[in-house]
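Student: Just passing along the structure, written as structure tokens.
Please treat every number below as a calculation from the coordinates, not as lab data. Please read all numbers here as calculations on a predicted model, not as lab measurements. Neighbour counts are summed over all protein chains in view; Cβ atoms, including those assigned to glycine, are modelled from backbone coordinates with ideal geometry.
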Amino acid sequence: MKIVKSFSEPIHITRPLLPDLNKITEKLREIWKAQWLTNNGPQHSFFESKIKETLKVPYVSLFNNGTIALIVACQSLRISGEVITTPFTFPATPHVLTWNGVKPIFCDIDPVTMNIDANKIEALITPQTTAILAVHVFGTPCEVFKIQEIADRYGLKVVYDAAHAFGVEIGNTGIGDFGDISMFSFHATKLFHTAEGGALTFKDKNLKQRIDLLKNFGIKNEDEVVMPGINGKMNEIQAAIGLVVLEEIEVERVKRKKINEKYIECLMEIEGIKFLNEKNIGIKESYQYFVIRIDEKKFGRSRDYVYDKFKEYNVFTRKYFYPLCSDYTCYKHLPSASSANLPVANKIVKEVLSLPFYGGLTLNDVEMICSILKSFRG
Ligand code: T4K
């Protein structure tokens, strides 16, 4: 039997893209010289224009993190009552609804993409529904055309949590160009980051002014505060990091594409292991996560067994997005949170495992991770 070795150093789920420190220092010098640290400084303005170009969207507003950005997105659209969303996501998604005084209504997910199942949205619409908050989970686009068609028919707003979808395109259209507003997260764990940070993208020119006011306490000028805003501003250091990281993003994407291919090559033959995004024709991918699904019956071991066992080999995988948001103590009382209402999500959440995925991982590391996984078969 082949001997499977452990890693000598811990292998994490991700590592941030860290550009040459000299490039960051150079930017910090510019900031120090300008004596301007936040509140719409020169780095921020330049970065905003760069992000607009990169994401191929008409309007952008930068934020200090993705969660605050999403809270402001809901405020700016005056979303109220009930919003249909997915239970298979990071806690931030339903929490922003609660912070807006809105009731999340959980909709089941698609068995392949793991995104909200567009075919199940309509049955959940009530007179209180004002919007759909969908997530491009792991960077896979939602059924944007079908969702828009439903929203138009019922007069609903569409907000996308595109936290994982930096640079994703459908055809030649930036993913942030769909729906009323999309939110991108620039957290350190994302393909593209500003340490912490985020952005909203949208098509409506009037929203630009409203969103920019909302993220700056509603201050219009020294004499007028026109709405109850919050502090959502991205600072100059975050913007500077973003400008430097942006220069390296395509190189990182190519590295991740190769790692993705290596994983598929090594895992293809294993019975009971499925991948996400096997065929995504016409889609430019984010390469944000590498996610597998483990069929316990066919693989002979459960996802939880694999997750625990990997640690013995110094490999730290993640069960994103377990537990389902519908199982949180703050949401499980909702009728839409019942497992009978969410059969696909409840099945998938026990199968998913995100494997280490970042540009610094070598192809040899990937082969080792896959050999370790193979050795777990029951
Ligand atoms: N919507 C969705 C769908 C999201 O996934 C997220 C965030 C949001 C909204 C909210 O956006 P932000 O407000 O965060 O901009 C991480 C991230 O903190 C979070 O941003 C992300 N989603 C989520 C999927 O992953 P944790 O709790 O898993 O992070 P943590 O600290 O356990 O880090 C994971 C691993 O990454 C570590 O084990 C090692 C590595 N790491 C992490 C950091 C922070 C590093 O190597 N260096 C670092 O600086 O949430």
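Student: Can you list residues whose amide H is under 5 Å from I11's amide H, if they're 5+ apart or on another chain and H is modeled 1.01 Å from N?
Tutor: Amide H to amide H, under 5 Å and 5 or more residues apart or across chains, I11 pairs with V315, F316.
Student: Using the 2.2 N^0.38 Å rule of thumb for compact globular proteins, work out how segment 43-110 stacks up: its C-alpha Rg over that value, please.
Tutor: Its radius of gyration relative to the 2.2 N^0.38 Å reference: 1.31.
Student: Additional query: Tell me the relative contact order for the chain as a rounded percent, counting alpha carbon contacts under 8 Å between residues six or more apart.
Tutor: The normalised contact order for the chain reaches 23 percent.
Student: Something else now. Would you give the gap between the C-alpha center of segment 211-281 and the C-alpha center of segment 169-190, rounded to a whole Å?
Tutor: 8 Å
Student: Now for a different question. How do the peptides 79-90, 350-361, 311-322 rank, highest first, by the average count of neighbouring beta carbon atoms within 10 Å per residue?
Tutor: So the peptides 79-90, 350-361, 311-322, ranked by packing, come out 79-90, 350-361, 311-322.
Student: Enter the Cα centre distance for the pair segment 101-155 and segment 1-67, rounded to the nearest angstrom.
Tutor: 31 Å
Student: Further question: Debye sum, Cα scatterers, segment 193-315, no solvent: what log₁₀ I/I(0) at q = 0.22 1/Å?
Tutor: -1.27
Student: Taking the Cα atoms of the chain, what is the range of coordinates along each of the three principal axes, in descending order and whole Å?
Tutor: 76, 56, 38
Student: How high is the relative contact order of segment 215-286? Use alpha-carbon pairs under 8 Å, at least six apart in sequence, and give a whole percent.
Tutor: Relative contact order, segment 215-286: 17 percent.
Student: Per-residue HN-Hα couplings for segment 147-152, Karplus 6.51 cos²θ - 1.76 cosθ + 1.60 at θ = phi - 60°, whole Hz, x for Gly and Pro?
Tutor: The phi angles translate into 5, 5, 5, 5, 4, 5 Hz.
Student: Report the Cα-based extents of segment 108-211 along its three principal axes, largest first, to the nearest Å.
Tutor: Sorted largest first, the three principal extents are 40, 37, 26 Å.
Student: Based on the mean of other Cβ atoms within 10 Å per residue, sort peptides 23-32, 109-118 so the most packed one is first.
Tutor: Order by mean packing, descending: 109-118, 23-32.
Student: Pairs K50/K233; K103/K146; K120/K274; K255/K309: which exceed 19 Å Cα-Cα?
Tutor: The answer is K103/K146; K120/K274; K255/K309.
Student: Taking only Cα atoms of segment 249-375, what ratio of Rg to Rh do you get with Rh as the Kirkwood inverse-distance radius?
Tutor: Reported Rg/Rh (Cα atoms, Kirkwood Rh): 1.01.
Student: With each run of n ≥ 4 DSSP H residues scored as -39500 (n - 2.57), what mean residue ellipticity at 222 nm is computed for the chain after dividing by its residue count and rounding to the nearest 500 deg cm²/dmol?
Tutor: -11000 deg cm²/dmol
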